[in-house]
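To keep things clear, I will list the structure first and then write my remarks on it.
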Amino acid sequence: MAIPILKGTIQVPGDKSISHRSIIFGAIAEGQTTVKNFLRSNDCLATLEAFRQMGIHIEENGNNLTIDGVGLLGLQASSKPLDMQNSGTSTRLLAGLLAGQHFDSQLIGDASLSKRPMGRVIDPLSEMNGILLAEDGHLPMTIHGEVLHGIHYRMPIASAQVKSAIILAALTAQSETTIEEPLPSRDHSETMLKFFSPESIEKTGQTITIHPGHPLQGQQIEVPADISSAAFFLVAGAILPGSKITIEKVGLNPTRDGIVRILQQMGADLTIDRIDQPGEPMANLTIKAGPLEPFHIEAADIPALVDEVPALALLATAAEGVSTISGAEELRVKESDRLAVITSELGKLGADIEEKPDGLLITGGKPLRVQNPDLDSFGDHRIAMTLKIASLLVDKPVTIKDDDCMAVSYPAFVNDLTTLIKE
Ligand code: S3P
């Protein structure tokens, strides 16, 4: 099997985190919100469906949405449980928002989501007087809407989902809330809230203050392309010899652009063409294949590249020498235990990866060779896409179990990849 060359220009779909938030903030605002380039993937559609069940009128026109906001306390109880499917973001953000509503809700999810820890949102929301019942801290979860009060919360982990859950709850609370993060996690909720209601939020250093009682006003949102989806093409373009790919209008929020810094650290041939416009920063990115140095990723780097670790592990197999990832224990509670799964599945392709309790040690530079062609995504979209790229590099065909999970964040991934394959 010859290694293909990837060439061309591509637009990857809209950012998953921003798409979720566009519906949530649009629904609780007053007036209409329009969303351009919404990500129509399973995760974001789970959020969309949940808000429809709570009485929100959302019009869909291709990738564009119009949302009729009902104000902070205008949602209605759903007659059936809200199915979060595979989406941790939907679950945790909705837990925060629903804790302070005037009705009760039930959140359910698929097998993978039902194994993921919810105590991290239940704890701070309970301190705010929220009543969230989940056996062992896992879905299904029953939320009894309550009158909440503000808290001062020092987050034990850097998690944008937890931070956003508290922000959404705090908007409905009776007093001010302050949140301190150990490290900066993605700040899309803060940025969006600042647009919808500048009086509601203040940020000083690592401390966020939420002032409740201010209405949100509907906005026009353009969702940038998802850097976490672009990551697979950045990695493919960097390691498939002779490749050159341009990815357009990629969101380059500094709390998300860790992969760009790592590519630069590795000496990759990456050109960043910034687009000058208000709102979330965007750029056209062009990657060309070339020699790569190993990277070193530490705890402080993780939040800005947390979803890119599987793709980065594959990238490291192409860099001569030892790359290291540490402080990444959060990877064990994502859609799969990503540290274990990436070690076992790339190992089947001959990658030299040592799993550590909090990271990976990857010795790269040797071509990958199939040792076992039966790969398993473990139902994890980012693992499936990483393995799909890896499959282009190897000498024999492989199969990837449950690869339809790619639809969680990127339904057209295989199609888009195919359009770039030139040989
Ligand atoms: C997300 C935050 C991250 C990320 C997830 C999306 C968000 O999770 O892994 O895919 O939209 O807030 P944590 O903040 O819990 O690490």
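The values are calculated or read from the model by the stated rules, or taken from the named source; none is laboratory data. Being a predicted model, the structure only gives us computed values, none of them experimental. FYI the Cβ positions are ideal-geometry reconstructions off the backbone, even for glycines, and counts take in every protein chain you see. All accessible areas refer to the heavy atoms of the entire protein, side chains included, with ligands and DNA or RNA removed. Shrake-Rupley method; radii C 1.70, N 1.55, O 1.52, S 1.80 Å.
Structure notes:
- Simple Cβ-charge dipole of the range 224-422, Lys/Arg +1 and Asp/Glu -1, about Cα centre, in debye nearest 20: 580 debye
- Helix 381-393 axis, angle to the chain major axis (alpha carbon atoms, nearest 10°): 10 degrees
- Here the range 319-385 and the range 147-169 have alpha carbon centers that stand 32 Å from each other.
- As a length-normalised measure over Cα pairs under 8 Å and 6 or more apart, the relative contact order of the range 16-222 settles at 22 percent.
- An ellipsoid equivalent to the range 310-394, defined through the eigenvalues of its Cα gyration tensor, has semi-axes of 18, 16, 10 Å when rounded to whole angstrom and sorted largest first.
- Accessible area per residue for the range 16-222 is 37 Å², calculated with a 1.4 Å probe on protein heavy atoms, without ligands, DNA or RNA.
- This model, with +1 at the C-beta of Lys and Arg and -1 at the C-beta of Asp and Glu, gives the chain a dipole about its Cα centre of some 660 debye.
- Accessible surface of the range 79-176 [probe 1.4 Å, protein heavy atoms]: carbon and sulfur percent: 49 percent
- Shape of the range 16-222, Cα gyration tensor, a/c cut at 1.5: rounded
- Structure-based [θ]222 nm, the chain - -39500 (n - 2.57) summed over DSSP H runs of at least 4, per residue, nearest 500: -9000 deg cm²/dmol
- Dipole of the range 336-421, positive end: most advanced residue of ILE389, ILE421, LEU375 [Cβ charges, Cα centre]: ILE421
- Normalised convex hull volume, the range 224-422, alpha-carbon set, Å³ per residue: 107 Å³
- Taking a Cβ cut-off of under 9 Å around LEU285, the surrounding Lys, Arg, Asp and Glu residues balance to a net charge of -2, with basic ones at +1 and acidic ones at -1.
- Rounded percent of accessible protein surface that carbon and sulfur make up, the range 246-290, 1.4 Å probe: 45 percent
- DSSP bridge analysis restricted to the chain gives an antiparallel fraction near 75%, rounded to the nearest 5.
- Amide H contacts of VAL12: GLU248, each under 5 Å away and 5 or more positions distant or on a separate chain (H built 1.01 Å from N in the peptide plane; Pro and chain starts excluded).
- Each residue of the range 350-365 was assigned a 3J(HN,Hα) from its phi angle through the Karplus curve 6.51 cos²θ - 1.76 cosθ + 1.60 (θ = phi - 60°); the sequence is x, 5, 9, 10, 10, 8, 10, x, 10, x, 9, 10, 10, 9, x, x Hz, with glycine and proline shown as x.
- Of LYS356/LYS401; LYS366/LYS401; LYS36/LYS396, pairs whose Cα-Cα distance is over 30 Å: LYS36/LYS396
- The ellipsoid equivalent to the alpha-carbon distribution of the range 163-248 has semi-axes of 36, 16, 9 angstrom, derived from the gyration tensor eigenvalues as √(5λ) and listed largest first.
- Degrees separating the helix 88-99 axis from the principal Cα axis of the chain, which is the longest one: 10 degrees
- Size of electric dipole in the range 57-215: Cβ of Lys, Arg +1 and of Asp, Glu -1, about Cα centre, debye, nearest 20: 300 debye
- Accessible area (Å², per residue) of the range 224-422, counting only protein heavy atoms and a probe of 1.4 Å: 36 Å²
- Restricting the calculation to Cα atoms, the chain shows an Rg/Rh of 0.97 when the hydrodynamic-style radius is the Kirkwood one.
- P(r) tail for the range 1-137: Cα pairs beyond 26 Å make up 28% of the total.
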